[in-house]
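Below is one structure, written out as structure tokens; comments come after it.
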Amino acid sequence: MSSIETVRGRVARDRTHFDVIVAGGGPAGIGAAVAAALQGAKTLLLEARPYLGGVASTALWMPMNRMVTAGRPRGGVHDLLLAKMRSYGRDACREGKRTFADGDGFDFHPDYLRIGLFELLEESGAHYRLYSPVSGADVQGEVVVGVRTCWKDTDAWFPCSVAIDATGDGDLAAAAGVEMKLGYEDAPQFMPVSLVFALCGVDVDRLETYRRESPEAFGQTIEAARRDGYATAVWYAFDRGTVPGVVSVNNGGPYGVSGLNGADPADLTLVERLGARIAVDFVSIARRYRIPGLEESSLIRVGAAASVRGTRRIVGEYEVTVDDARGGTEFSDVIARKYGVIDANQIYMGEMKSGFAYPYRAMVPRRIDGLLAAGRCGSATFLGHAAGKSMGNMMALGQAAGVAAAVSVRAGTAPRCVDVSRVQTLLREMGVDL
């Protein structure tokens, strides 16, 4: 247990210089901050929300998929996080589904995850600061040299040698003037934005049997409820929680509403409003229509915020495409591999070469230097991002960015000039299979 003095020393203070600053505390940001700190860089993780973990914490037992590969450890930060969560006991962590889309995942209790991530950062040597949304980037001669945050009447400035954008929406990159892409290339289309919720009082075994044996019956029930005036989602998926009788209900966002931009406050407000009614109505549907396993269920709560699957992406030195994912393009500058399927939800779902290579150049903006982009705001086409977009893969991209940033600082070179072979060697020493 850390002392108050130790914890206080980890909370960053305004105008402190850091070797590496990571913006965003989701899976990609955690991977980046822990990896950079483990490589000896003085590292700061900035998070806009009052908690770490991103969607894994926000969405209430949402599985972190691809934390292992075919049951085997992925090495590095993945293994450290799994060991940390398992150390808390059975309420904190359990293996998730092993399906086509949701393989090699783990369901983490969101509140155990919150403390686990704090402790993981502390043990790596990283600093952190919550309530710190990016409000600007200090750019000198097209090089990022600092990050600005703002919370109420508190403006803070943190100078740095290298910055990593792991915000998901590319907030830091956009503030720095990086060219960005938004949504689908050929139309104003986005993957669904969802407000996830959790239920208790569930007979989980009966529910899973029913869903497995009678998938059409469940869909017919939702259609009937829709006709009867209940608010419904496009689709529903259930994940067993770590606490007996609890399930997390993922969904495809409000039925009849499409094209919602997860970077637009107006659209996010709409999702919050409609999603709250969908959650409440689902309990009524489950009870009225006697959905097996859910007849006596109750709503615990909805997620802390809407869950976003994709918005802005940088224009980088290389753009990962869906053809790369399907064909398994190999790159000399591979720094991670993405496992799973192409999952753009109701827009498109299909197979890819699981374990396809992700190049370092996709993290490097074309023009602005001193900056890397890790996670879903990396350089990719719409479906290129959707290929293997699971949280475990995002953590792998962040981990690679963190190692590269530390190498950049040590060598005194810009991130785009980093010796990628050195990054690859360090990742392999961490147990990463490239």
Can you confirm whether segment 190-197 contains a residue that is hydroxyl-bearing (S, T, Y), within 24 Å of S132 (Cβ to Cβ) and buried (at least 23 other Cβ atoms within 10 Å of the Cβ)? no
Near pairs, Cβ below 7 angstrom, 6+ apart or cross-chain, from segment 1-28 (outside the structural domain of L397 (by TED's automatic domain parsing)) to any residue that is at pLDDT below 95 and assigned to a loop (DSSP other than H, G, I, E, B): none
Residue count, segment 65-113 (criterion: in a strand (DSSP E or B), touching a helix residue (DSSP H, G or I) at 6+ places or on another chain (Cβ under 8 Å) and modelled with pLDDT under 95): 0
Among the residues of segment 369-381, what is the count of those that are of a type in the set (A, V, I, L, M, F, W, C) and over 12 Å from M180 (Cα atoms)? 3
Say whether the condition of being over 30 Å from Q140 (Cβ atoms), surrounded by 24 or more Cβ atoms within 10 Å (Cβ to Cβ) and hydrophobic (A, V, I, L, M, F, W, C) is met by at least one residue in segment 318-330. yes
May I ask you to verify whether E185 is over 21 Å from R15 (Cβ atoms), out of contact with any His (no Cβ under 8 Å at 6 or more places or on another chain), among the acidic types (D, E) and at pLDDT below 95? yes
Over segment 8-56, the set of residues of a type in the set (G, A, S), in contact with a helix residue (DSSP H, G or I) (Cβ under 7 Å, 6 or more places away or on another chain) and in a helix (DSSP H, G or I) is A28, G29, G31, A32, A33, A35, A36, A37, A56
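Here's the yes/no breakdown for (1) assigned to a loop (DSSP other than H, G, I, E, B); (2) assigned by TED's automatic domain parsing to the domain that holds G96; (3) under 25 Å from C93 (Cα atoms):
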| site | (1), (2), (3) |
| --- | --- |
| S248 | no, no, yes |
| V257 | yes, no, no |
| L260 | yes, no, no |
| A263 | yes, no, no |
| D267 | no, no, no |
| R273 | no, no, no |
| V280 | no, no, no |
| R287 | no, no, no |
| I291 | yes, no, no |
Of the residues D165, D171, which is surrounded by 14 or more Cβ atoms within 10 Å (Cβ to Cβ), under 21 Å from E272 (Cβ atoms) and either assigned by TED's automatic domain parsing to the domain that holds S379 or of a type in the set (S, T, Y) (or both)? D171
Identify all residues within segment 94-120 that are farther than 23 Å from P50 by Cβ and over 17 Å from the mean Cα position of the chain (by Cα); write none if there are none. R94, E95, K97, R98, T99, F100
Among (1) closer than 21 Å to P63 by Cα; (2) surrounded by fewer than 20 Cβ atoms within 10 Å (Cβ to Cβ); (3) in contact with a strand residue (DSSP E or B) (Cβ under 9 Å, 6 or more places away or on another chain), where does L294 come up short? (2)
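For every residue, the table says whether it meets (1) buried (at least 24 other Cβ atoms within 10 Å of the Cβ); (2) of a type in the set (D, E, K, R); (3) in contact (Cβ under 8 Å) with a residue 12 or more places away in the chain.
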{"position": "A37", "(1), (2), (3)": "yes, no, yes"}
{"position": "T43", "(1), (2), (3)": "yes, no, yes"}
{"position": "M64", "(1), (2), (3)": "yes, no, yes"}
{"position": "R72", "(1), (2), (3)": "no, yes, no"}
{"position": "Y88", "(1), (2), (3)": "no, no, yes"}
Which is over 22 Å from I21 (Cβ atoms), in contact with a His (Cβ under 7 Å, 6 or more places away or on another chain) and in contact (Cβ under 8 Å) with a residue 60 or more places away in the chain, of G392, G388, G431, G384? G392
Across segment 3-33, which residue is surrounded by the most Cβ atoms within 10 Å (Cβ to Cβ) among those that are of a type in the set (A, V, I, L, M, F, W, C) and over 15 Å from the mean Cα position of the chain (by Cα)? I21
Filter result for F238 (surrounded by 15 or more Cβ atoms within 10 Å (Cβ to Cβ) and either of a type in the set (A, V, I, L, M) or assigned to a strand (DSSP E or B) (or both)): yes
Which ones in segment 184-204 are within 17 Å of the chain's Cα centre (by Cα) and in a loop (DSSP other than H, G, I, E, B)? F190, M191, P192, V193, L195, V196
Among the residues of segment 98-110, count how many are touching a Pro at 6+ places or on another chain (Cβ under 9 Å) and within 12 Å of S390 (Cβ to Cβ). 3
Taking segment 219-235 as the region of interest, how many residues are touching a Pro at 6+ places or on another chain (Cβ under 9 Å) and either of a type in the set (D, E, K, R) or outside any loop (DSSP other than H, G, I, E, B) (or both)? 1
Can you tell me how many residues in segment 121-165 are more than 20 Å from the chain's Cα centre (by Cα), outside any strand (DSSP E or B) and more than 26 Å from V407 (Cβ to Cβ)? 2
Looking only at residues in segment 224-244 that are of a type in the set (A, V, I, L, M, F, W, C) and farther than 20 Å from S194 by Cα, which one is nearest to the chain's Cα centre (by Cα)? V243
What's the total number of residues in segment 344-366 that are part of a loop (DSSP other than H, G, I, E, B), surrounded by fewer than 22 Cβ atoms within 10 Å (Cβ to Cβ) and in contact (Cβ under 8 Å) with a residue 40 or more places away in the chain? 2
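The values are calculated or read from the model by the stated rules, or taken from the named source; none is laboratory data. The structure displayed is predicted, hence computed values, not measured ones. Because the Cβ atoms are built from the backbone with ideal geometry, glycine has one as well, and the counts that use them run over all protein chains shown.
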